[in-house]
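Undergrad: Below you will find the structure I want to go over with you.
The values are calculated or read from the model by the stated rules, or taken from the named source; none is laboratory data. If you're wondering where the values come from, they're calculated on a predicted model, not measured in any experiment. As a convention, Cβ positions derive from the backbone with ideal geometry for all residues, glycine included, and neighbour counts pool all protein chains shown. The area values use the complete protein model at the heavy-atom level, side chains included, leaving out ligands, DNA and RNA. Shrake-Rupley method; radii C 1.70, N 1.55, O 1.52, S 1.80 Å.
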Amino acid sequence: MPRPRTHDEALRLRLLDRAGVLLSKEGAGALSLRRLAADVGTSTTAVYSLFGGKPALVRELFVEAFHRFGTHLGAVPRTDHPGEDLIQLGLAYRRSALADPHLYPIMFANVLPGFEADDQVNQEALRALTPLIETVRAGIEAGLFADVPADTVMLSCWGIAHGLVSLELNGYAPEELDVAATYEQALRANLAGWAREGM
């Protein structure tokens, strides 16, 4: 009878999730392989077996973060209404951040100064943002959005979503505020600002 695998995908994900929590909550100095292994209830041997070392683990953490983020955005169906598609992408952006709050700073808060993304990390990041880029371009080409560079509209949409999500994750939203409703209203107000004049 074959021996069960103890260094499996489930352990890999637990290690990555815990590494994300350590980095996002305590900073780069908190991430040691010994502490990570102890926190997850495994050995440093398992960490080396799965990742080969700390640099590879960190790279895998970035890949995993963008992969999960991209899965949320990629699940939004494309329709013949780019404006509403853009709103739904914004809502998916927030859902992704709330589902993995420990990974959001990994992607967007520079928790590891000096980290240089390789091709795989860059490809996952681009794949994650592709639905947003394509939806903005579709809206411009259909004459629904202002005739400006797509990057301008995309950065505006991203900035609104990122700013509000960051405030929420860091506990800066007033307790009495309906955050979900306010977030969607902000997305729609931003979209209205990019609507082509006369529409």
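Undergrad: For ARG188 and ALA109 in one chain, what is 0.36 nm times their gap in residues minus the Cα-Cα distance, to one decimal in nm?
TA: 25.9 nm
Undergrad: Charges only on Cβ, +1 for Lys and Arg, -1 for Asp and Glu: so what's the dipole of region 46-97 about the Cα centre, in debye to the nearest 20?
TA: Charge dipole, region 46-97, about its Cα centre: 260 debye, nearest 20.
Undergrad: Would you mind listing how long region 142-199 runs along its three principal axes, going by Cα atoms, in whole Å with the largest first?
TA: 39, 21, 12
Undergrad: Want the number for LEU177 to ASP119: 0.36 nm per residue separation, take away the alpha-carbon distance, what's left?
TA: Between LEU177 and ASP119, full extension yields 16.8 nm more.
Undergrad: Can you give me the Kirkwood hydrodynamic radius for region 1-121, using every pair of distinct Cα atoms, in Å to one decimal? Could the numbers behind the result be given before it?
TA: Values: mean 1/r = 0.0636 Å⁻¹.
Mean inverse Cα-Cα distance, inverted, gives 15.7 Å.
Undergrad: With +1 on each Lys and Arg Cβ and -1 on each Asp and Glu Cβ, how big is the dipole of region 12-169 about its Cα centre, in debye rounded to the nearest 20?
TA: 780 debye
Undergrad: Which whole number in µm²/s is D for region 63-163 by Stokes-Einstein, with the Kirkwood Rh taken over Cα pairs at 20 °C and 1.002 mPa s?
TA: On the way: Rh = 14.1 Å.
The estimated diffusion coefficient comes to 151 µm²/s.
Undergrad: Could you work out how much longer the chain between THR71 and ARG196 gets when fully extended? Use 0.36 nm per residue separation minus the Cα distance between them, nm to one decimal.
TA: Residue separation times 0.36 nm, minus the Cα-Cα distance, leaves 42.0 nm.
Undergrad: Solvent-accessible area per residue for the chain at a 1.4 Å probe radius, Å²?
TA: It amounts to 55 Å² per residue over the chain.
Undergrad: For region 63-157, which GluC sites (Glu not before Pro) pass both filters: DSSP loop (anything but H, G, I, E, B) and at most 14 other C-beta atoms within 10 Å?
TA: Within region 63-157, the qualifying GluC sites (Glu not before Pro) (loop, at most 14 other Cβ atoms within 10 Å) are GLU116.
Undergrad: What percentage of the solvent-accessible surface of the chain, computed with a 1.4 Å probe over protein heavy atoms, is contributed by carbon and sulfur atoms?
TA: Numbers: 5970 of 10940 Å².
Carbon and sulfur: 55 percent of the exposed surface of the chain.
Undergrad: With an 8 Å cut-off on Cα pairs and a minimum separation of 6 or more residues, tell me the relative contact order of the chain in percent.
TA: Normalised by residue count, the contact order of the chain is 21 percent.
Undergrad: Okay, next question. Roughly how tilted is helix 9-26, in degrees to the nearest 10 and between 0 and 90, from the longest Cα axis of the chain?
TA: It is inclined by approximately 70 degrees.
Undergrad: Between HIS81 and GLU141, what is the label-point separation in nm under the 7 Å Cα-to-beta-carbon projection?
TA: 2.1 nm
Undergrad: Name the residue from LEU91, LEU132, LEU112 whose Cα lies farthest towards the positive end of the charge dipole of region 43-199, charges +1 on Cβ of Lys and Arg and -1 on Cβ of Asp and Glu.
TA: About the Cα centre, the residue reaching furthest to the positive side is LEU112.
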